[in-house]
Amino acid sequence: MISVKGLTFRYAGSNRDVLSKISLEIADGDFVGIIGHSGAGKSTLTFAINGVVPHHYSGDFYGSVTVNGLDTVDAGTENLSRIVGSVFQDIDAQMVAGVVEDELLFGLENFGVPHDEIETRVSEALSAAGIADLRHRPLNSLSGGQKQKTAIAAITALRPKVIVLDEPTGELDPCSSRRIFEYLKELNEQYGMTVIIVEQKIMLLCEFARRLLVLNHGVLLLEGTVKDVLQHAGALEESGVNIPRVTTLGKRLREQALYQGNLPLNLEEGLAMTRQALARAHAYAAP
Ligand SMILES: Nc1ncnc2c1ncn2[C@@H]1O[C@H](COP(=O)(O)OP(=O)(O)OP(=O)(O)O)[C@@H](O)[C@H]1O
Ligand SMILES: [Mg+2]
(Lines give C-alpha, C1' and ligand atoms only; values in the text may rest on other atoms or scores of the structure.)
(Ligands and ions follow the chains in the order given, each with its own letter.)
Protein backbone atom coordinates (compact mmCIF):
# COMPACT_ATOMS: atom_id res chain seq x y z
CA MET A 1 0.00 0.00 0.00
CA ILE A 2 1.07 3.58 -0.60
CA SER A 3 0.19 5.99 2.13
CA VAL A 4 0.64 9.75 1.87
CA LYS A 5 -0.05 11.68 5.05
CA GLY A 6 -0.15 15.46 5.30
CA LEU A 7 2.42 15.88 2.53
CA THR A 8 3.51 19.46 1.95
CA PHE A 9 6.50 20.14 -0.30
CA ARG A 10 8.34 23.25 -1.40
CA TYR A 11 11.29 23.03 -3.82
CA ALA A 12 14.52 24.45 -2.46
CA GLY A 13 14.80 28.10 -3.44
CA SER A 14 11.09 28.42 -4.22
CA ASN A 15 8.78 30.67 -2.24
CA ARG A 16 5.63 28.58 -2.42
CA ASP A 17 4.39 25.10 -1.61
CA VAL A 18 3.98 22.93 -4.67
CA LEU A 19 2.07 20.25 -2.78
CA SER A 20 -0.08 21.18 0.16
CA LYS A 21 -1.41 18.87 2.89
CA ILE A 22 -1.95 15.90 0.58
CA SER A 23 -3.29 12.77 2.23
CA LEU A 24 -4.26 9.70 0.27
CA GLU A 25 -3.91 5.95 0.11
CA ILE A 26 -3.37 3.70 -2.89
CA ALA A 27 -4.14 0.03 -2.36
CA ASP A 28 -1.95 -2.74 -3.75
CA GLY A 29 -3.04 -3.68 -7.26
CA ASP A 30 -4.95 -0.46 -7.90
CA PHE A 31 -4.85 1.40 -11.24
CA VAL A 32 -4.86 5.11 -10.47
CA GLY A 33 -4.82 8.12 -12.79
CA ILE A 34 -3.47 11.50 -11.71
CA ILE A 35 -4.90 14.51 -13.52
CA GLY A 36 -4.73 18.27 -13.06
CA HIS A 37 -3.84 21.46 -14.90
CA SER A 38 -0.28 22.17 -15.98
CA GLY A 39 1.82 23.00 -12.92
CA ALA A 40 -0.75 21.44 -10.54
CA GLY A 41 1.97 19.27 -8.97
CA LYS A 42 1.34 15.93 -10.71
CA SER A 43 5.00 15.20 -11.46
CA THR A 44 6.01 16.35 -7.98
CA LEU A 45 3.50 13.95 -6.43
CA THR A 46 4.96 11.09 -8.47
CA PHE A 47 8.44 12.21 -7.30
CA ALA A 48 7.29 11.99 -3.70
CA ILE A 49 6.16 8.39 -4.32
CA ASN A 50 9.37 7.22 -6.04
CA GLY A 51 11.65 9.18 -3.71
CA VAL A 52 13.01 11.60 -6.32
CA VAL A 53 11.60 14.14 -3.86
CA PRO A 54 13.35 14.81 -1.53
CA HIS A 55 16.41 12.72 -2.54
CA HIS A 56 17.09 14.26 -5.95
CA TYR A 57 15.12 17.48 -5.62
CA SER A 58 15.54 18.72 -2.10
CA GLY A 59 13.28 21.20 -0.34
CA ASP A 60 10.99 21.59 2.64
CA PHE A 61 9.23 18.26 3.08
CA TYR A 62 6.51 17.85 5.71
CA GLY A 63 4.34 14.81 6.34
CA SER A 64 5.16 11.28 5.27
CA VAL A 65 5.01 8.96 2.29
CA THR A 66 5.29 5.22 2.78
CA VAL A 67 5.42 2.58 0.07
CA ASN A 68 5.03 -1.01 1.20
CA GLY A 69 5.75 0.21 4.73
CA LEU A 70 9.02 1.90 3.65
CA ASP A 71 9.25 5.58 4.47
CA THR A 72 10.46 7.20 1.22
CA VAL A 73 12.64 9.70 3.07
CA ASP A 74 14.43 7.05 5.14
CA ALA A 75 14.52 4.31 2.51
CA GLY A 76 16.54 6.09 -0.17
CA THR A 77 16.08 5.80 -3.93
CA GLU A 78 18.16 2.65 -4.33
CA ASN A 79 15.87 0.54 -2.13
CA LEU A 80 12.75 2.24 -3.40
CA SER A 81 13.59 1.62 -7.04
CA ARG A 82 13.28 -2.10 -6.37
CA ILE A 83 9.65 -1.59 -5.45
CA VAL A 84 8.66 1.43 -7.52
CA GLY A 85 9.53 1.55 -11.23
CA SER A 86 9.32 4.98 -12.82
CA VAL A 87 8.83 6.31 -16.31
CA PHE A 88 9.64 10.00 -16.12
CA GLN A 89 8.07 12.85 -18.05
CA ASP A 90 11.58 13.86 -19.16
CA ILE A 91 12.33 10.68 -21.04
CA ASP A 92 15.89 11.60 -22.11
CA ALA A 93 16.98 12.00 -18.50
CA GLN A 94 15.91 8.41 -17.91
CA MET A 95 18.00 6.67 -20.56
CA VAL A 96 21.23 5.06 -19.39
CA ALA A 97 22.34 2.85 -22.29
CA GLY A 98 23.34 3.39 -25.93
CA VAL A 99 21.15 0.71 -27.54
CA VAL A 100 17.51 -0.25 -26.91
CA GLU A 101 18.27 -3.82 -25.81
CA ASP A 102 20.95 -2.63 -23.36
CA GLU A 103 18.50 -0.22 -21.78
CA LEU A 104 16.41 -3.25 -20.77
CA LEU A 105 19.38 -5.47 -19.88
CA PHE A 106 20.88 -2.84 -17.61
CA GLY A 107 17.95 -2.92 -15.20
CA LEU A 108 17.38 -6.67 -15.38
CA GLU A 109 21.03 -7.46 -14.62
CA ASN A 110 21.21 -4.82 -11.92
CA PHE A 111 18.16 -6.28 -10.24
CA GLY A 112 19.67 -9.76 -10.35
CA VAL A 113 16.97 -11.32 -12.51
CA PRO A 114 18.06 -14.94 -13.23
CA HIS A 115 19.85 -15.25 -16.59
CA ASP A 116 17.48 -17.86 -18.02
CA GLU A 117 14.58 -15.47 -17.44
CA ILE A 118 16.18 -12.40 -18.97
CA GLU A 119 15.62 -13.19 -22.66
CA THR A 120 11.91 -13.93 -22.10
CA ARG A 121 11.46 -10.70 -20.16
CA VAL A 122 13.27 -8.64 -22.83
CA SER A 123 11.43 -10.04 -25.82
CA GLU A 124 8.06 -9.95 -24.03
CA ALA A 125 8.46 -6.31 -22.95
CA LEU A 126 9.76 -5.20 -26.35
CA SER A 127 6.91 -6.79 -28.25
CA ALA A 128 4.29 -5.59 -25.75
CA ALA A 129 5.58 -2.03 -26.21
CA GLY A 130 5.51 -2.56 -29.99
CA ILE A 131 9.27 -2.10 -30.53
CA ALA A 132 10.60 -5.61 -31.13
CA ASP A 133 12.05 -4.33 -34.42
CA LEU A 134 14.02 -1.59 -32.63
CA ARG A 135 15.91 -3.98 -30.37
CA HIS A 136 19.37 -3.19 -31.78
CA ARG A 137 18.82 0.48 -32.59
CA PRO A 138 20.94 3.20 -30.94
CA LEU A 139 18.78 5.22 -28.56
CA ASN A 140 19.93 8.51 -30.06
CA SER A 141 18.41 7.49 -33.39
CA LEU A 142 14.89 7.05 -31.94
CA SER A 143 11.93 9.40 -32.12
CA GLY A 144 10.43 10.75 -28.90
CA GLY A 145 7.61 8.19 -29.04
CA GLN A 146 10.04 5.32 -29.65
CA LYS A 147 12.07 6.45 -26.63
CA GLN A 148 8.91 6.48 -24.53
CA LYS A 149 8.16 2.92 -25.59
CA THR A 150 11.75 1.90 -24.75
CA ALA A 151 11.52 3.44 -21.27
CA ILE A 152 8.17 1.71 -20.67
CA ALA A 153 9.58 -1.64 -21.84
CA ALA A 154 12.69 -1.23 -19.65
CA ILE A 155 10.66 -0.54 -16.52
CA THR A 156 7.85 -3.04 -17.07
CA ALA A 157 10.42 -5.80 -17.78
CA LEU A 158 11.54 -5.41 -14.17
CA ARG A 159 7.99 -6.14 -12.98
CA PRO A 160 8.13 -3.79 -10.03
CA LYS A 161 5.38 -3.98 -7.45
CA VAL A 162 4.40 -0.41 -8.27
CA ILE A 163 4.85 1.43 -11.55
CA VAL A 164 4.62 5.22 -11.74
CA LEU A 165 4.35 6.68 -15.23
CA ASP A 166 4.37 10.41 -15.89
CA GLU A 167 2.66 11.21 -19.21
CA PRO A 168 4.13 8.10 -20.85
CA THR A 169 2.07 8.46 -24.02
CA GLY A 170 2.75 12.17 -24.57
CA GLU A 171 4.47 11.54 -27.88
CA LEU A 172 2.54 8.46 -28.94
CA ASP A 173 -0.21 8.16 -31.52
CA PRO A 174 -3.67 6.96 -30.36
CA CYS A 175 -3.04 3.38 -31.45
CA SER A 176 0.31 3.04 -29.63
CA SER A 177 -1.14 4.79 -26.57
CA ARG A 178 -3.95 2.26 -26.36
CA ARG A 179 -1.46 -0.56 -26.73
CA ILE A 180 0.55 0.76 -23.77
CA PHE A 181 -2.60 0.98 -21.63
CA GLU A 182 -3.56 -2.55 -22.60
CA TYR A 183 -0.11 -3.78 -21.58
CA LEU A 184 -0.38 -1.95 -18.25
CA LYS A 185 -3.79 -3.50 -17.71
CA GLU A 186 -2.34 -6.93 -18.38
CA LEU A 187 0.51 -6.37 -15.89
CA ASN A 188 -1.98 -5.01 -13.39
CA GLU A 189 -4.24 -8.04 -13.72
CA GLN A 190 -1.59 -10.71 -14.17
CA TYR A 191 0.96 -9.63 -11.56
CA GLY A 192 -1.15 -7.34 -9.40
CA MET A 193 1.20 -4.48 -10.31
CA THR A 194 -0.03 -1.19 -8.87
CA VAL A 195 -0.24 1.34 -11.72
CA ILE A 196 -0.07 5.09 -11.06
CA ILE A 197 -0.22 7.14 -14.22
CA VAL A 198 -0.29 10.84 -15.05
CA GLU A 199 -2.12 11.07 -18.36
CA GLN A 200 -3.66 13.79 -20.51
CA LYS A 201 -5.56 11.40 -22.81
CA ILE A 202 -8.59 11.46 -20.59
CA MET A 203 -10.85 9.06 -22.53
CA LEU A 204 -8.17 6.40 -22.47
CA LEU A 205 -7.42 7.02 -18.81
CA CYS A 206 -11.09 6.80 -17.86
CA GLU A 207 -11.40 3.53 -19.72
CA PHE A 208 -8.48 1.85 -17.95
CA ALA A 209 -8.05 3.49 -14.54
CA ARG A 210 -10.17 2.50 -11.55
CA ARG A 211 -9.57 5.63 -9.53
CA LEU A 212 -8.61 9.23 -10.23
CA LEU A 213 -6.69 11.76 -8.15
CA VAL A 214 -7.26 15.36 -9.18
CA LEU A 215 -4.68 17.99 -8.23
CA ASN A 216 -5.41 21.69 -8.32
CA HIS A 217 -2.59 24.11 -7.42
CA GLY A 218 -0.95 21.48 -5.25
CA VAL A 219 -4.11 20.54 -3.39
CA LEU A 220 -5.97 17.26 -3.77
CA LEU A 221 -9.23 18.58 -5.23
CA LEU A 222 -11.00 15.26 -5.76
CA GLU A 223 -10.34 11.56 -5.46
CA GLY A 224 -12.46 8.51 -6.04
CA THR A 225 -13.60 6.09 -8.69
CA VAL A 226 -13.49 7.42 -12.24
CA LYS A 227 -17.28 7.48 -12.30
CA ASP A 228 -17.59 9.44 -9.06
CA VAL A 229 -14.88 11.95 -9.92
CA LEU A 230 -16.33 12.73 -13.35
CA GLN A 231 -19.69 13.58 -11.82
CA HIS A 232 -17.92 16.77 -10.66
CA ALA A 233 -17.62 17.95 -14.26
CA GLY A 234 -18.07 21.62 -13.32
CA ALA A 235 -15.28 21.64 -10.72
CA LEU A 236 -12.99 19.74 -13.10
CA GLU A 237 -13.59 22.20 -15.94
CA GLU A 238 -13.03 25.13 -13.61
CA SER A 239 -9.71 23.75 -12.47
CA GLY A 240 -8.56 23.41 -16.07
CA VAL A 241 -8.84 19.64 -16.33
CA ASN A 242 -9.68 18.04 -19.62
CA ILE A 243 -12.78 15.83 -19.30
CA PRO A 244 -14.30 13.48 -21.89
CA ARG A 245 -16.42 15.39 -24.40
CA VAL A 246 -19.30 13.05 -23.83
CA THR A 247 -19.22 14.03 -20.13
CA THR A 248 -19.24 17.74 -21.06
CA LEU A 249 -22.22 17.08 -23.33
CA GLY A 250 -24.02 15.39 -20.42
CA LYS A 251 -23.35 18.40 -18.23
CA ARG A 252 -24.78 20.78 -20.84
CA LEU A 253 -27.88 18.63 -21.37
CA ARG A 254 -28.40 18.52 -17.62
CA GLU A 255 -28.10 22.31 -17.41
CA GLN A 256 -30.86 22.56 -20.02
CA ALA A 257 -33.02 20.10 -18.08
CA LEU A 258 -32.91 17.64 -20.96
CA TYR A 259 -31.14 14.95 -18.94
CA GLN A 260 -31.15 13.98 -15.27
CA GLY A 261 -29.01 10.86 -14.92
CA ASN A 262 -25.32 10.31 -14.13
CA LEU A 263 -22.85 12.03 -16.44
CA PRO A 264 -21.61 9.56 -19.06
CA LEU A 265 -17.97 8.45 -19.19
CA ASN A 266 -17.89 6.68 -22.53
CA LEU A 267 -19.68 6.42 -25.85
CA GLU A 268 -22.09 3.67 -24.75
CA GLU A 269 -23.25 5.71 -21.76
CA GLY A 270 -23.37 8.78 -24.03
CA LEU A 271 -25.67 6.95 -26.40
CA ALA A 272 -27.99 5.91 -23.58
CA MET A 273 -28.04 9.52 -22.36
CA THR A 274 -28.83 10.81 -25.85
CA ARG A 275 -31.78 8.42 -26.11
CA GLN A 276 -33.14 9.71 -22.79
CA ALA A 277 -32.60 13.33 -23.77
CA LEU A 278 -34.35 12.82 -27.11
CA ALA A 279 -37.31 11.13 -25.42
CA ARG A 280 -37.52 14.05 -23.00
CA ALA A 281 -37.34 16.61 -25.80
CA HIS A 282 -40.12 14.72 -27.64
CA ALA A 283 -42.26 14.72 -24.53
CA TYR A 284 -41.85 18.52 -24.23
CA ALA A 285 -42.64 19.02 -27.90
CA ALA A 286 -45.77 16.82 -27.85
CA PRO A 287 -48.98 18.87 -27.93
N1 LIG B 1 12.90 21.77 -9.59
C2 LIG B 1 11.98 22.70 -9.33
N3 LIG B 1 12.26 23.81 -8.61
C4 LIG B 1 11.32 24.74 -8.34
N5 LIG B 1 10.04 24.66 -8.73
C6 LIG B 1 9.70 23.57 -9.47
C7 LIG B 1 10.63 22.55 -9.80
N8 LIG B 1 9.99 21.59 -10.52
C9 LIG B 1 8.72 22.01 -10.63
N10 LIG B 1 8.54 23.18 -10.00
C11 LIG B 1 7.28 23.95 -9.89
O12 LIG B 1 6.36 23.15 -9.16
C13 LIG B 1 5.04 23.31 -9.71
C14 LIG B 1 4.47 21.93 -10.00
O15 LIG B 1 5.26 21.34 -11.01
P16 LIG B 1 4.98 19.88 -11.56
O17 LIG B 1 6.03 19.62 -12.56
O18 LIG B 1 4.85 18.95 -10.43
O19 LIG B 1 3.54 20.10 -12.23
P20 LIG B 1 2.75 19.15 -13.25
O21 LIG B 1 1.34 19.09 -12.76
O22 LIG B 1 3.46 17.89 -13.46
O23 LIG B 1 2.76 20.03 -14.59
P24 LIG B 1 2.80 19.56 -16.14
O25 LIG B 1 1.39 19.13 -16.48
O26 LIG B 1 3.18 20.80 -16.86
O27 LIG B 1 3.78 18.45 -16.29
C28 LIG B 1 5.17 24.21 -10.91
O29 LIG B 1 4.79 25.51 -10.53
C30 LIG B 1 6.63 24.15 -11.25
O31 LIG B 1 7.06 25.37 -11.81
MG1 LIG C 1 4.39 17.01 -15.05
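For segment 218-224, the Karplus equation 6.51 cos²θ - 1.76 cosθ + 1.60, evaluated at θ = phi - 60°, returns couplings of x, 10, 6, 6, 8, 8, x Hz by residue, with Gly and Pro reported as x. Largest GNM mean-square fluctuation among Asp28, Asp60, Asp166, using the chain with Cα springs under 10 Å: Asp60. Taking the chain as a Gaussian network of alpha-carbon nodes connected by springs under 10 Å, the highest mean-square fluctuation of the residues Ala233, Ala125, Ala257 belongs to Ala257. Antiparallel beta bridges, as assigned by DSSP with both residues in the chain, represent about 55 percent of the total such bridges.
The GluC sites (Glu not before Pro) of segment 170-243 include none that meets both criteria, a DSSP state outside H, G, I, E and B (loop) and at most 14 other C-beta atoms within 10 angstrom of the site's C-beta. The solvent-accessible area of Met273, taken with every protein chain present and a 1.4 Å probe, is close to 0 Å². Backbone amide hydrogens, once placed in the peptide plane, bring Leu215 within less than 5 Å of Ile35, Gly36, Leu221, excluding anything fewer than 5 places away on its chain.
Distances between placed amide hydrogens fall under 5 Å for Val99 paired with Leu139, all partners being 5 or more residues away or on another chain.
Be a star and scan segment 1-18 for residues whose amide nitrogen sits under 20 Å from the point 7 Å along the Cα-to-Cβ vector of Ser58. Under 20 Å, as judged by backbone N against the label point of Ser58, lie 8-18 of segment 1-18.
Amide H to amide H distances under 5 Å link Gln89 with Asp166, where only residues 5 or more positions off or on other chains count and H is placed in the peptide plane.
A Förster distance of 41 Å, applied to the separation of the beta-carbon atoms of Arg137 and Gln200, puts the FRET efficiency at 0.90.
Compared with the alpha-carbon gap, the fully stretched path from Asp28 to Glu238 is longer by 72.4 nm at 0.36 nm per residue. Consider a paramagnetic label point 7 Å from the Cα of Thr77 along Cα→Cβ; state which residues of segment 94-134 have an amide N under 11 Å from it. So the set is 94. Remark: the chain carries 47 Å² of accessible area per residue (probe radius 1.4 Å; ligands, DNA and RNA excluded).
When the accessible area of segment 2-228 is computed with all protein chains present and a 1.4 Å probe, what percentage of it is carbon and sulfur? List each step's numbers first, then the result.
Numbers: 4630 of 9690 Å².
Result for segment 2-228: 48 percent of the exposed heavy-atom area is carbon or sulfur.
Just checking the listed ones, Val53, Val214, Val246: in the Gaussian network model of the chain with Cα springs under 10 Å, the one fluctuating most is Val246.
The values are calculated or read from the model by the stated rules, or taken from the named source; none is laboratory data. Predicted model, so just to flag it, every value in this text is computed and none were measured. Here the Cβ is made from the backbone with ideal geometry for all residues, glycine too, and neighbour counts use every protein chain on show. These area figures cover heavy atoms from the full protein model, side chains too; ligands, DNA and RNA do not enter into them. Shrake-Rupley method; radii C 1.70, N 1.55, O 1.52, S 1.80 Å.
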